[in-house]
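Working notes, beginning with the structure itself.
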Amino acid sequence: MSKKKKEQLGKGLRALLTKIDEVESKPQEKKKVVAELSRSVTEIDIEAIEPNPYQPRKEFIKEELLELVQSIKTLGLIQPITLRKIEEGKFQIISGERRWRASKLAGIKTIPAYLRMADDQGMLEMALVENIQRSDLNALEVALSYQRLIDECNLHHEDLAKRVGKERSTVSNYTRLLKLPPDIQEGLKQRKISMGHARALLSLDDPTLQMEFFKKITEEGLSVRNIEKQIRDYKSVTSPKAKTTENAVHPEVQKIKDRLSHHFGTKVEIARNKKGKGKLIIHFSSDDEFNDIIDSIED
C-alpha cells in the first residue's frame, strides 16, 4: 500500500472516529456510522489497546498462544479483533484478547480491528446481517461475519440462522472453517480452494494431515470430488480396523461412513461385525453442533 493511500485511510478512520462522538444524539447518522464501521477493518496501534476488565476468560493456554504467535509472524492476523473507543487514542477489547496477546508476543506494532460504538448492539447486528447478504463475499468472510454475530451479539447458532435466513447446519458449517489451520483459511480467503474443499479437509482430525491434503489441492488442482476420494482412500488404508482381516471395514460401509462424515461435518464411526450387528457413532463438540446433527437427521 502506498504512503498516499495509507494517509487517506488514516483520514477516513479519523473522520469515522470523530463522527462517533458527534452523532450520539442523531439516530440516523449513528446508524450510517455503525454500518460503515461494521465493514471496515483498520490498523490500530497495539499499545493503544487495553483488555476488557470483564473478560470472563482469564487463563490462556501457553502452547496454543505460541502456535498463534508463529502463525501471526508468518501470515499476519487473519481474524481481526473488535474494539470500542474509550477515549481519544485509546481502545478497549470487546473480543479477541487471545489474538491481541499473541500479536504483542509476535512483536507487531499495529493490529487489524473492527471498531464499535459503545451502545450499537442492535444496529451492529443489522449491519452485519446486511453485509452477509452481499454476493461478493468469500467463504472465510462469511464465516468471520457469522462468528462476529455469535461473539459480539451473543447469538446462538439457531438465533443466527433465523437472522440470516439460513439453516442452522449452514451456519455451523461456515463457523467450523475457522477451526482450520491459518494457511488453509488464507487459501479460502484468496479463493485457492472452495467451501467444498474445506469441508472435505474438516473430516480429518489432524491439522498436519489437513495441510498435506490442502497442498495437494493447490498444487494438483484437485476437484472437490477428487480430494474427497483421496481422503477416503487414505482413511481406508490407515484405519487400525482396516489393517486386520477380522475387523476389516467393508468398502461400501466405508463409503457410507465418509459420506456421513462429510454431510455432518464431523467425525463418524461405524462398528459392524460379520453378522451385520454394530453401532453408529457421530461425534460433536458443542450443543450447537449436536442440534445441527439432530436437525439434519430430522430433515
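The numbers here are math on the coordinates, done by the rules we state, and not lab data. Please read these numbers as outputs of a predicted model, since none were measured by experiment. Glycine also receives a Cβ, built like all others from the backbone with ideal geometry; neighbour counts cover every protein chain displayed.
Multiplying the residue separation of K215 and Q190 by 0.36 nm and removing their Cα-Cα distance gives an extension gain of 7.6 nm.
Separation of region 259-289 and region 85-108, taken as the distance between their Cα centroids, equals 41 angstrom.
Taking amide H atoms as placed 1.01 Å from N in the peptide plane, the amide H of I94 lies under 5 Å from those of T82, L83, R84, each 5 or more residues away in sequence or on another chain. Qualifying trypsin sites (Lys or Arg not before Pro) in region 77-116, where qualification requires a DSSP coil assignment and no more than 14 other C-beta atoms within 10 Å, comprise K109. Across every direction, the projection of the convex hull enclosing the Cα atoms of region 245-299 has a mean area of 4.3 nm².
In terms of surrounding Cβ atoms within a 10 Å radius of their Cβ, V237, V268, V142, V253 rank from fewest to most as V237, V253, V268, V142.
Loop-located trypsin sites (Lys or Arg not before Pro) in region 169-219 (DSSP state other than H, G, I, E, B) with a sparse environment of at most 16 neighbouring Cβ atoms within 10 Å: R191, K192. Estimated at 0.36 nm per residue, the fully extended path between K229 and N154 surpasses their Cα-Cα distance by 23.2 nm. Rg/Rh for region 171-299 (Cα atoms only, Rh after Kirkwood) is 0.98.
Neighbour counting of Cβ atoms within 10 Å sorts the residues E298, E228, E50, fewest neighbours leading, into E298, E50, E228. By other beta-carbon atoms within 10 Å, ranking D151, D295, D258, D206 with the fewest at the front produces D206, D151, D295, D258.
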